[in-house]
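Asker: Here it is, the structure in full.
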Amino acid sequence: MISAVPGVSVFDDWFANFWVVLVVKAAAVLVFFLVAPLLVGYMEHKVLAHMQARLGPMYAGRFHGWAQLVADGAKFIQKEDVIPAAADRWVFSLAPAVALIPYIVLFVVVPFSNTIYAENLDIGIFFVMAIGSVNVIGVLMAGWSSANKFSLIGALRAAAQLIAYELPLVLAAASVVMQAGTLSLIGITEAQDRYWFVLTQPIGFLIFMVASLAELTRPPFDMPIADSEIIFGAYTEYTGLKFAFFLLTEYGGIVALSSIASILFLGGYRGFLGIPDPLWMAAKIGALSFVVIWLRATYPRLREDQLQRFSWLALIPLALLQILVVGFVKVAVG
Amino acid sequence: MSAQEYAFVVLALVGTVAAFRLVTARNVVHAALYLVVTLAMVGGVYLILAAEFVAWVQILIYVGAIVILFLFGLMLTKAPIGREALDNQQRGIALLVGLGVLAGLVFLIQNAFHWSDPKIQPIHVTTGALGESLFRQYVLPFEAVSFLLLAALIGAIVLSRKDERS
Amino acid sequence: MSGWERSAISIATFLPLVGAVVIAFVPKEKERAVRSLGILFTGAALAVAVAIAIGFDYGSGGGLQFELDTRWIPVIGARYHVGIDGISLPLYVLTFLLSFLCAVYTWRFVPEPGKTKAFLALQLLLETGMAGTFIAFDLVLFFIFWELVLVPMYFLIGIWGSANREYAAIKFFLYTLFGSVFMLLGFLGMYFRADPHTFDILKLQAVGSSGGFSHTFQLVAFAGVFLGFAIKVPMWPFHTWLPDAHTEAPTVGSVLLAGILLKMGTYGFVRIALPVLPYAAQKYAPWIGLLAAIAIVYAALACLAQRDLKRLIAFSSVGHMGFVMLGIATLTPIGINAAIFGMVAHGLITGMLFFCVGSVYDRYHTRQIADLGGGLMQKLPYLGGVFAFVAIASLGLPGLAGFWGEVMALLSSYNPAGVLNTGLFRGFMVAGGVGTVLTAGYFLWMLQRVNMGTVPEKWKEAALPDVLAVEWVSWVPLLIGIVALGVFPRIVFGVTDGAVRGLMHLFGG
Amino acid sequence: MTIDYHAILPELILSGTILVVLVADAFIRPRRTWLAMPISLAGVLASLIAVLTLIGSPRTTFNGTYRVDNFALLFKVFFLSVALVVLLVSLRYFREGRWYQGEYYYLLLTSFLGCVLMPSSRDLLMLFISLELVSAPGFLIAAFRKSDPRSNEAGLKFFLIGVLSSAVMLYGMSLIYGVTGTTGLYRIGAALSGTLSGGKQTLAEAAILFIVAGFAFKVSAVPFQFWAPDTYEGAPVPVAAFLATASKAAGFAGLLQLMFVAFRAEYAFWTPIFAALSIATMTIGNLVALQQRQIVRLLAYSSIAQAGYMLLPFALVSADRVVNHDAFAAATTYILIYAVMTLGAFTVVIALSRESSGLLISDFAGLMRRAPLMGVAMTTFMVSLAGIPPTGGFWAKFLVFKAGIERGGLGTALAVVMLVNSVASLYYYLLVPRQMVFVEPETDRPLASPALVTGVAALATLAILAIGVYPQLFYHFPPLSTLVGP
Amino acid sequence: MIRLPLVLFFSAVLFSAGVYGVLARRNAVLVLMSIELMLNAVNVNLIAFSQALHDLTGQAFALFVIAVAAAEVGIGLAIVILIYRNRETINIDEVNLLKW
């Protein structure tokens, strides 16, 4: 029954290498995580502004307000860290971290070339999905611990939405995995050496993107923080640095899901024209992030029931169909 | 002790403490969060034991889905912030039984497996091998489980949806 | 063997069952059809039984005749083994006779609350169960028939009984069932101790007589079957269900209960307990004798204290069955012959007594001796006459059926089987003798209080019919039987003796 | 590894039916949802035919984890027949009132899929999955009377105790796996009868205890019986009928395989446990049943007591192959006959539940007059449950007694306890016929009973009587279908 | 290299904690959580044995346990929500309409 190679666990691997390597990798991931979302955030400011025919931030850092987000950060740090009296202090304080950390960890497996990556797990995409699903707990914690009904409603909305869209997300990813025949992110990327999977699975790509938007609770799927209904959802009571963490989570999420989407469907770091792989990867992430922002300016918010209906009656059946087709083709060809 | 064992002991200790807090917590949501910690630690244990796939399944299904369901359930049934009487009157008996089970199991286990003798040499199992076994040898239970999940899904919807009339 | 011989007793036994099913499908509005069908089926069954009796080879009463031994439930080793010998035949015929007469009686008398259809269907079902018990030569089959009587009797008592019927019915049911399950255990023990395993009574008898069962086992198994049989008989002190059941049961129920059901217990002793477990029988015999002697005296004393006519007769049954058991306990051919004779005679006499009481109740709507107040002879001469005649037969007047069974039982206990303590049994004989005297005493006292004297004021004006035609039809055969058996006891002894001697031979000597 | 598709054909047909029912329900108009029943019925029938085509030499597939032998076939035929009956009696019940009919049939069939898988599962994993597949839809349909808090409660209790016992059972299974290194029942059997160190043996015994506890819940043995009366009472009556028969029989099917195939070598350890379980179950079941006024609860406690009788043969297992053989046959026969009687009784209850939902025993008053057929049927079932000849119930008990006496010693003692219990049980079994016959009804109006229900009741009565008169009809199946090796 | 009993002890601790929780808690969801703890103990056992025996069955088994656990939590919460809707409580000792 045992067909496994006698080998070593992940930890063996880590322990076998130098701790330094680990630290360096961790630092690299962290730095990337801290920088990339800022860029996306800035992009959102400017892109939205231009789409709405206004300028956006123009002062901080002089050149088109490039340091606006840094300034925001500084402002958040200065602000008083308010914890509501009725709140559950521990849970309230831990929530931002729980929401944020999964996205950081997620970048451990994102490859920027076939050599630049922190870890190549043979179940990479699975790891991504697993880690990505933890984030919801942070939102629920935030919503519940705030002792505010709007927060709670927001959190419940978020959780319901995240569960509902987790399925199409995973299913869409699964059909890519089926085509690539591997779970490893590098493997999937390498499997797109002749064409991108978006060509064979355009529907899957669309599903993945839509589901990602919902996972990120980005417009038009931003019912959990619908300010006209429930103020700011789960984050209503948050101020200062804690609130900043949630913002970071959001932008980090955009980067994370964009990178996964580009790996799954757009050939990841693989490019042409001799441009270095990491740049291709960055470009694809940027492009997809742009799309995410663009949609915010384009579509109005859905209603809660429409949102659930859309997932269960449209996305999931479609995703299942996609899997079926891929499966048939795979069997027919293979 | 090997490095793995140190890592294991740390995870196990954290997991144990969280498990105890889970069953003693005075607040339902805290209990659920302790459950997350325990589950994560158990997932870590799987990693140490080189059962990578199971570990991530643990995170994906348990932490990512089951706990969310729990939290959902708790919040829909208005889990209050603050303390309430979550325990019944049989705490003493429960403690006795729990300790009894523990003592019995520990005794039986150390009786059956010598402390130093069987050492696990974790083997890294490729996901492929596990998949092979799932879809070849265990394809029948796999299909059965899929029916189970579908039934649970449909049934849960039927039960929890609000009927128009009521 | 001809097909007739193989199937005759099965036909007779199951005809009533068929009748029950047929009746169940007749619309209940068709009362007359239902009653006719009842008489028809019991009559047909009786006819077959008579034909069997005629075809019976009395020269070889010891062997099984009309035997059929065929596969039934191979998995558990049970066979459909039926047959008839000298011991069974009288009881078998008696069963059909009484059932037929009861059906006839029902033509006119259906107790409250009516429901003739169900009443007759249950009677027929009961008949099959009773008849089957006497022909079964396989323990499992025996047990099935044995238990088959429970449910119909339960309902007969429970639905058509008098005031306290439900209590009596459930008591009857629970007592007998309790006993019979232990009996079943005993049967199973026999099965497994026999080598090869068998439920066949004849084979078990062979094993038993050749010492195939260990002594310890015999003692245990006997205790089990004893409980089953003794409760059914009923032996003192297991008799307490009987007065209740009899008192509450409708007339027909009482007749069948006293006439046949009780015989199943004593028959079980003769057929199964003694021959299969001879050692234990010898060990238990003194105790059985003792209980029998107690029963005789106790019942007589109890009778003296009764105020209810029916209850009195019920207790007298206990006493009569005591004589039967005493005969059995002697383990001698005479004793067993006496026992079988006693069973038949008791069936006729006590059955008849219950008919009388039923008719009295039908007229007076009371069974309290004090309420009746005497003067039955004057008021209803025929009924009074019959009643007096049967009561006298019951107390054991020579020349009538009751005599032979009792006197021979006493006689046999003067000289019991060699292994038994003669002195002890002579003591039982003395007790039995005292019992006879007391029996005579209470019956005569009863007659004095009921039959003699003047008609009390309250009954003077009442227009009470004397014995009706239907009653005559259903009684005459019994009355003839009582006289006939008294005058020609050979009618029974001639049939049974061969079989009894064969049995005793098996039994050890 | 090639898959023997013929061996799983019944299951495939059944699963196909399940999906068809589910999909069809989504597309047929609300007023027509009862159509799910005929569809299910057809599927079950087809599956039954498929089972019949499998009669012959045993087949093994999926690496020995799945085996279709006589034992499995017997139980499959049985389960599918029960399915037919439950479907038939459900129709009217679920057409009246606002039910999720389609979903009900869907869940019911899923549960039966688990039942059908169970007797073929020769692997701990398969056993576990089958058990869950039986239970999980059961939890749901037990709570199906949504607006009735009693039904909700029924579901909750059933669910919590069910999940708890699976957890306990799984822990045992994991230990067995660790000690023997396998999950296949036959291989476990071989490992346990081989040489194990003392410590491992003790651990295995503890594990057996855990597993037995898990199954004891399923068959509602004391002390795991608490859920049963509450759940039966709260659940829709056809569901209670299902739980009391098929679901319980599935538990026993699993238990038979575990005990007679995997754990037989350890019989010295577990037979006393079964003896205690059996005695406690039958005694407590009977004692509490004596006090019941509600018919479904009465039947629930009766089913508990009967479970005690069914557990008895397990306590007889010994080194003697013949005794084991007989004990096995006794247990199997009892389970099957019990199911017919109980199903029949529930059918009558369903017929009656149309006019009074509370369903006290006193509601049976005068039924013999108002619905003679139902009255006779119910009387037959009650008498049969009490074990009085000439009904099928007697033969069930007879075999158990027989096996007990054959075993001797402990066996005889157990048989005596069972005898006493049977007699005591008579008291409450007779309560129902007593009401029907002796007590005047409030109304003389004949009971309007749907033809389907009446038909099922009549059929069950006939079956009980037929078995009672000629048990050979049926008796040779269980001994043929044994798991006790030659 | 890990000592097998060490892992088994951890599992035993989780199991016993679960047992305690099941017995001591009155909130249905908490009881269910305690049961999850027990299921996790099962999985730890399975994985440990799987690696000790170098046999994949244990891991496959664990996956099945997780899947079934998910299904059951879904069912359980549906029932809990149903009860809450009708009764406004999910404390087991208050859910007591049915009594013998």
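Asker: Could you state the number of Å between the C-alpha centres of segment A:130-169 and segment E:1-44?
Answerer: 27
Asker: Per-residue HN-Hα couplings for segment D:126-142, Karplus 6.51 cos²θ - 1.76 cosθ + 1.60 at θ = phi - 60°, whole Hz, x for Gly and Pro?
Answerer: 4, 4, 4, 5, 4, 4, 5, 5, 6, 6, 4, x, x, 3, 6, 6, 5
Asker: Okay, next question. What does the C-alpha gyration tensor say about the overall shape of chain C? Classify as rounded when a/c is under 1.5, otherwise prolate if a/b is larger than b/c, or oblate.
Answerer: Cα axes put chain C in the oblate bin.
Asker: Quick one: what are the phi-derived ³J(HN,Hα) couplings along segment A:206-223, Karplus 6.51/-1.76/1.60 with θ = phi - 60°, whole Hz, x for glycine and proline?
Answerer: 4, 4, 4, 5, 4, 5, 4, 4, 5, 4, 7, 6, 8, x, x, 10, 9, 3
Asker: Across the Cα atoms of chain A, what radius of gyration and what greatest pairwise Cα-Cα distance (Dmax) are found, in Å?
Answerer: When restricted to Cα atoms, chain A yields Rg and Dmax of 20.4, 66 Å.
Asker: Moving on. Using +1 at the C-beta of Lys and Arg and -1 at the C-beta of Asp and Glu, which of C:F226, C:G189, C:Q448 has the Cα lying farthest in the positive direction of the dipole of chain C?
Answerer: Toward the positive end, the furthest listed residue is C:Q448.
Asker: Further, regarding this structure: Once you've got the GNM for chain A with C-alpha springs shorter than 10 Å, pick whichever of A:M209, A:M223, A:M58 has the biggest mean-square fluctuation.
Answerer: Result: A:M58 has the largest fluctuation of those listed.
Asker: Can I ask one more? What is the spin-label model distance, in nm, from E:R87 to B:E132 if the labels are put 7 Å beyond Cα along the C-beta direction?
Answerer: A separation of 5.1 nm, rounded to one decimal place.
Asker: Okay, moving on. List the GluC sites (Glu not before Pro) within segment D:74-181 that fall in a DSSP loop (any state other than H, G, I, E or B) and whose Cβ has at most 15 other Cβ atoms within 10 Å.
Answerer: Answer by residue number: D:E96.
Asker: Work out the FRET efficiency for D:L19 and D:A466 from their Cβ-Cβ distance, taking R0 = 30 Å, and round it to the nearest 0.05.
Answerer: My answer for the efficiency is 0.25.
Asker: Could you check the spin-label model distance between A:D305 and D:R354? Points 7 Å from the Cα along Cα→Cβ, value in nm.
Answerer: Between A:D305 and D:R354, the simple spin-label model gives 3.7 nm.
Asker: Net charge around D:T183, counting only other residues with Cβ within less than 15 Å of its Cβ (Lys, Arg = +1; Asp, Glu = -1)?
Answerer: Net local charge, D:T183 excluded: +1.
Asker: Please say if chain B is rounded, prolate or oblate, where rounded means a/c under 1.5 for a ≥ b ≥ c the square roots of the C-alpha gyration tensor eigenvalues, and otherwise the choice is prolate for a/b larger than b/c and oblate otherwise?
Answerer: Here chain B falls in the oblate category.
Asker: Quote to one decimal, in nm, the extra length available between B:E143 and B:A3 on full extension: 0.36 nm per residue of separation minus the C-alpha distance between them.
Answerer: Result: 46.4 nm gained on full extension.
Asker: Between D:P223, D:G404, D:A305, whose Cα lies farthest towards the positive end of the dipole of chain D when Lys and Arg beta carbons carry +1 and Asp and Glu beta carbons carry -1, centred on the Cα centre?
Answerer: Value: D:A305.
Asker: Based on the Cα gyration tensor of segment D:93-191, what are the three equivalent ellipsoid semi-axes, each the root of five times an eigenvalue, rounded to whole Å and given largest first?
Answerer: 34, 16, 6
Asker: Another question about this same structure. Which lysines have a Cα less than 18 Å from the Cα of D:K200, not counting those fewer than 8 places away in the same chain?
Answerer: By straight Cα distance, D:K200 reaches B:K119.
Asker: Return the whole-Å distance between the Cα centroid of segment A:265-334 and the Cα centroid of segment C:375-393.
Answerer: Spelled out, the Cα-based centre of one part sits 109 Å from the other.
Asker: Could you tally the net charge around C:L420, taking each other residue with its Cβ under 13 Å from the Cβ of C:L420, Lys/Arg +1 and Asp/Glu -1?
Answerer: Here the charged neighbours net out to +2.
Asker: Note down the magnitude of the dipole of chain C about its Cα centre, charges +1 on Lys and Arg C-beta and -1 on Asp and Glu C-beta and zero elsewhere, to the nearest 20 debye.
Answerer: So the dipole magnitude of chain C works out to roughly 400 debye.
Asker: OK, next. If you plug each phi of segment A:231-237 into the Karplus form 6.51 cos²θ - 1.76 cosθ + 1.60 with θ = phi - 60°, what whole-Hz ³J(HN,Hα) values come out, in order, with x for Gly and Pro?
Answerer: Each residue of segment A:231-237 in turn: 6, 9, x, 4, 9, 3, 8 Hz.
Asker: Once the convex hull of the alpha carbons of segment B:126-166 is built, what does its volume come to per residue, in cubic angstrom?
Answerer: It comes to 61 Å³ per residue, whole-number rounded.
Asker: Considering the dipole of chain D built from charges on the beta carbon (Lys and Arg +1, Asp and Glu -1) around the Cα centre, which of D:Y93, D:M259, D:V348 is farthest to its positive end?
Answerer: So the residue we want is D:Y93.
Asker: Given only helices, namely DSSP H runs of n ≥ 4 each adding -39500 (n - 2.57), what is the per-residue ellipticity at 222 nm of chain C, to the nearest 500 deg cm²/dmol?
Answerer: So the calculated ellipticity at 222 nm is -24500 deg cm²/dmol.
Asker: Determine the dipole magnitude for chain A: charges of +1 sit on the beta-carbon of Lys and Arg, -1 on that of Asp and Glu, nothing else is charged, the reference point is the Cα centre, and the result goes in debye to the nearest 20.
Answerer: Roughly 680 debye, rounded to the nearest 20.
Asker: Which pairs break 23 Å Cα to Cα here: A:K25/A:K242; A:K25/A:K79; C:K379/C:K458; C:K30/C:K115; C:K171/C:K263?
Answerer: A:K25/A:K242; A:K25/A:K79
Asker: Can you give the percent of C-alpha pairs in segment E:4-90 whose distance is more than 23 Å?
Answerer: Pairs farther apart than 23 Å: 33 percent.
Asker: Over the Cα atoms, compute the radius of gyration (one decimal) and Dmax (the largest Cα-Cα distance, rounded to a whole number) for the protein assembly as shown, in Å.
Answerer: 40.8, 142
Asker: What is the mean number of Cβ atoms from other protein chains located within 10 Å of the Cβ atom of each residue in peptide D:205-215, rounded to a whole number?
Answerer: Averaged over the peptide's residues, the number is 1.
Asker: Another question, if that's okay. Mind giving me the FRET efficiency for B:L76 and D:F226? R0 is 30 Å, r the Cβ-Cβ distance, nearest 0.05 is fine.
Answerer: 0.65
Asker: Figure the gain on full extension for C:L40 and C:L468 (residue separation times 0.36 nm, minus the Cα-Cα span) and round it to one decimal in nm.
Answerer: My answer for the length gained is 152.0 nm.
Asker: Could you work out [θ]222 nm for chain D from helices alone, using -39500 (n - 2.57) per DSSP H run of at least four and dividing by all its residues? Round to the nearest 500 deg cm²/dmol.
Answerer: Mean residue ellipticity, 222 nm, calculated: -24000 deg cm²/dmol.
Asker: Can you give the percent of C-alpha pairs in segment C:270-393 whose distance is more than 23 Å?
Answerer: Looking at segment C:270-393, the distances longer than 23 Å represent 41 percent of pairs.
Asker: Now for a separate question. Find the centroid of the Cα atoms in segment D:241-294 and in segment B:1-54, then give the distance between the two in whole Å.
Answerer: Taking the Cα centre of each part, segment D:241-294 and segment B:1-54 sit 37 Å apart.
Asker: Tell me the net charge near B:T126. Cut-off is 12 Å between Cβ atoms, B:T126 excluded, with +1 for each Lys or Arg and -1 for each Asp or Glu.
Answerer: Around B:T126, the surrounding residues sum to -3.
Asker: So how far apart, in nm, are the two label points at C:N415 and D:R95 if each is 7 Å from Cα heading toward Cβ?
Answerer: 8.1
Asker: Set the Förster distance to 45 Å, then compute FRET efficiency between C:A51 and C:E31 from the Cβ-Cβ distance, nearest 0.05.
Answerer: After rounding to 0.05, the efficiency reads 0.90.
Asker: If the only charges are +1 at each Lys and Arg Cβ and -1 at each Asp and Glu Cβ, what is the size of the charge dipole of the protein assembly as shown around the Cα centre, to the nearest 20 debye?
Answerer: 1900
Asker: What angle, in degrees between 0 and 90 and rounded to the nearest 10, separates the Cα long axis of helix D:392-407 from the longest principal axis of the Cα atoms of chain D?
Answerer: Value to nearest ten degrees: 20.
Values quoted throughout were computed directly from the atomic coordinates according to the rules given, and no laboratory measurement underlies them. As the structure is a computational prediction, the values presented were derived from the model and not from experiment. All Cβ positions, even for glycine, are placed from backbone atoms using ideal geometry, and neighbour counts span all protein chains on display.
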